């Protein structure tokens, strides 16, 4: 099996043309002559490529798209929430699981959260906008119901 990193060719380019035709979007990029891989110049029109893009800031750092940023925050928040005892108690109560009889409340809270959000893993929040919206609503409900409760 071919490793994608071994097959990859990197180049810097600027988006110059963006239009839509009957089959989809057409992108046109300007590439400095010294940046063009020879294999790209030798490729026939219609050759398929797998492309990955990273927007570059003026300081050469990558721009994280807003959607990806939201996803990363949701994944991090879900992990953090499941480690908090008050959230564990609230989630177990919401799932009908008696807290006193639960052996591993963090794991059970995480399982209930995944079940409630209809996801396989909390990392699914990174790309699943519907699950992120459900999670946001769940956090609002949790905070509303626990706002006057002491921690612990």
May I ask you to order 27-34, 79-86 by the average number of other C-beta atoms within 10 Å around their residues, highest value first?
-> 79-86, 27-34
Angle in degrees between helix 85-94 and the longest Cα principal axis of the chain, rounded to the nearest 10 | 80 degrees
Using only Cα atoms, tell me the angle between helix 129-146 and the longest principal axis of the chain; keep it within 0 to 90° and round to the nearest 10.
-> 30 degrees
Obtain the nm distance between the two label points defined at residue 60 and residue 85 by a simple spin-label model: each point lies 7 Å from its Cα along the Cα-to-C-beta direction.
-> 4.9 nm
Computed over the chain: longest principal axis from alpha-carbon atoms vs helix 66-83 long axis, angle to nearest 10 degrees, is 30 degrees
Inter-part distance where the range 78-152 and the range 29-53 are each reduced to a Cα centre, Å | 47 Å
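Any read-out appearing in this document is the output of simple, stated calculations on the displayed coordinates, not a laboratory observation. Values in this document were obtained by computation on a predicted structure and should not be read as measured data. All Cβ positions, glycine included, derive from the backbone under ideal geometry; neighbour counts span all protein chains shown.
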